[in-house]
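Since every read-out is calculated from the coordinates, none of them should be taken as a lab result. Everything numeric in this text was worked out from a predicted model, so none of it was measured. Methodologically, a virtual Cβ is constructed for each residue, glycine included, from the backbone with ideal geometry; neighbour enumeration extends over all protein chains shown.
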Amino acid sequence: MTFKALATALCAALTLFLSATVSAARTLTIVAFGDSLTAGYQLPPEEAFPARLEALARSKGVDVTVANAGVSGDTTADGLARLDWSIPDGTDGVILELGANDALRGLSPEESRKNLDSMLARLSERGIPVLLAGIMAPPNMGADYEARFNAIFPDLAKKHGVPLYPFFLDGVVLDGALKLDDGMHPNGKGTKVMAETFFPAFETFVGSIPR
């Protein structure tokens with residue numbers, strides 16, 4: 001091999017190495033898309049779930065930003081209506097958390113399923129990976145409603161081939177010390193627990209996203 005050919009080969013190899021290094025170092029942008037549980041109802045921005053999750057991830061060496069696209073009061077229908085403009089092009093992944101307000105209002109589980117199905121399909125068309133966060137219907141809605149509603153999330157995760165975090169309020173829902181006075185929304189301590197409990201699934205999800 002001539003000196004010129006060797007130099008060309010080394011230059012090409014260095015370019016590939018630098019490109020891979022830059023790509024690996026790129027900060028991923030994750031959008032947390034949901035309702036008040038995501039938005040941080042009555043909490044300062046730094047205590048909302050997305051901020052808690054981002055801070056925890058960064059403390060563990062996971063280079064991400066987690067944007068808060070939660071809107072208090074949103075149902076799955078509201079989420080579907082604002083999906084495209086709330087999740088900008090260039091988003092690397094989405095945490096999809098909606099359905100709690102549907103259940104609290106006793107809305108049709110079939111409609112909730114249809115709306116979430118449409119959101120997952122739309123995000124798939126856009127090439128954006130999703131981590132689906134499940135919600136469970138309150139027991140006072142009755143066994144039939146509970147069964148129909150709770151089946152939505154595992155069914156859709158399987159249909160669309162997306163990872164499922166079974167219950168977004170895991171670790172908080174039964175502990176009054178981790179909730180606001182309304183008994184439903186997490187307080188600052190609650191969102192910290194939620195982020196810690198959620199993190200293993202989130203780390204796996206982020207690790208699956210091509211950089």
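Quick check on the range 47-159: what does the Kirkwood estimate of hydrodynamic radius come out to from the alpha carbon pairs, in Å?
Here the Kirkwood hydrodynamic radius works out to 15.0 Å.
Pick from Thr38, Thr65, Thr191: which is most flexible by mean-square fluctuation in a GNM of the chain where alpha carbon atoms under 10 Å apart are linked?
It is Thr65.
Pairs of alpha-carbon atoms within less than 8 angstrom and 6+ residues apart define the contacts here; what relative contact order does the range 28-207 have, in percent?
23
Rounded to the nearest 5, what is the percent of antiparallel bridges among the DSSP beta bridges in the range 28-207?
Around 5 percent of the beta bridges assigned by DSSP in the range 28-207 are antiparallel ones.
Can you pull out the trypsin sites (Lys or Arg not before Pro) in the range 45-125 that DSSP calls coil and that have at most 14 other Cβ atoms within 10 Å?
Passing both the DSSP loop test and the Cβ count: Lys60, Arg105.
How many Lys pairs in the chain lie less than 20 angstrom apart by Cα atoms, where the lysines are 8 or more positions apart or on different chains?
Close lysine pairs under the 20 Å cut-off: 6.
How large is the helix-only mean residue ellipticity at 222 nm for the chain, computed as the sum of -39500 (n - 2.57) over DSSP H runs with n ≥ 4, divided by its residue count, in deg cm²/dmol to the nearest 500?
For the chain, the value works out to -16000 deg cm²/dmol.
Angle between the Cα long axis of helix 3-25 and the longest principal axis of the chain, 0 to 90 degrees, nearest 10?
10
Please give the helix 188-207 orientation as an angle from the longest Cα principal axis of the chain, in degrees from 0 to 90, rounded to the nearest 10.
Approximately 40 degrees, to the nearest 10.
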